[in-house]
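What follows is a single structure, written as structure tokens, with notes after it.
No value in this document is a laboratory result; all are computed from the given coordinates. Note that the structure is predicted; figures quoted are calculated from it, not measured. Here the Cβ positions follow ideal geometry from the backbone for every residue, glycine too, while neighbour counts run over all protein chains shown.
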Amino acid sequence: MKLSNGKGKMVAPLLINGEIHDVIVRSADTLLPILREQLGLTGAKQACQNGDCGACTVLINNQPSHACLSLAIETVNQSITTIEGLSNSPMQEAFVNNWAIQCGYCTPGFIVNSHALVTNHPNADDNIIEEWLQSNICRCTGYEEIKMAVKSVLKTSSE
């Protein structure tokens with residue numbers, strides 16, 4: 001990392017969706033505004049800003065993390081995956097095929113989280129699915145379609 005000026009800002013290399021991006025960060029900046037404002041990766045949504053809703057979920061080293069709480073400077077030398085990095089993934093297709101979307105605001109966070117779920121727990125049962133889905137909130141649906149989408153990917157990957 002290089003100091004860019006005397007105001008506490010640094011140029012930091014972040015590995016996002018397989019590409020290195022040099023971003024300007026302060027030590028207090030969270031990952032969410034860096035993704036959205038500097039890189040134009042707007043799939044992670046700004047919502048609660050305190051880690052309760054999951055709309056800003058990204059993967060850091062294949063683990064779901066809330067970008068609104070993750071300090072950008074702590075993600076240097078980590079692998080970050082956003083919803084844009086999961087374009088046309090089996091989970092994204094499963095959400096579309098199972099109508100696991102309503103207004104769509106929470107959908108990117110759910111897809112990212114669900115992708116991590118099936119990656120980390122390829123034999124997940126209903127209890128594990130329920131547990132993982134608790135980290136994301138949707139105000140439009142009863143979650144059944146989301147569970148069906150997750151189960152369809154789990155089924156496909158076990159065949």
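Expressed as a fraction of 2.2 N^0.38 Å, the value expected for a compact globular protein of N residues, the C-alpha radius of gyration of the chain is 1.07.
Report, in debye and to the nearest 20, how large the dipole of the chain comes out about its Cα centre when Lys and Arg carry +1 and Asp and Glu carry -1 on their Cβ. The partial results should precede the final answer.
Numbers: 10 positive and 15 negative charges, 118 e Å.
The dipole magnitude comes to about 560 debye.
Summarising the strand pairing of the stretch 2-84, around 90 percent of its internal DSSP beta bridges are antiparallel.
Of the chymotrypsin sites (Phe, Trp or Tyr not before Pro) found in the stretch 20-126, those in coil by DSSP whose Cβ has at most 15 other Cβ atoms within 10 Å are Trp99, Tyr105. Compactness of the stretch 2-84 was expressed as the Cα radius of gyration divided by 2.2 N^0.38 Å, which yields 1.01. Over all projection directions, the Cα-based convex hull of the stretch 88-158 averages an area of 4.1 nm². Calculate how steeply helix 144-158 sits against the longest principal axis of the alpha-carbon atoms of the chain, using the helix alpha-carbon long axis, and give the answer as 0 to 90 degrees to the nearest 10. Result, in degrees: 90.
Rounded to the nearest 5, what % of DSSP beta bridges with both residues in the chain are antiparallel? Could you put the intermediate results ahead of the total?
On the way: 16 of 18 bridges.
If I count the DSSP bridges inside the chain, around 90 percent turn out antiparallel.
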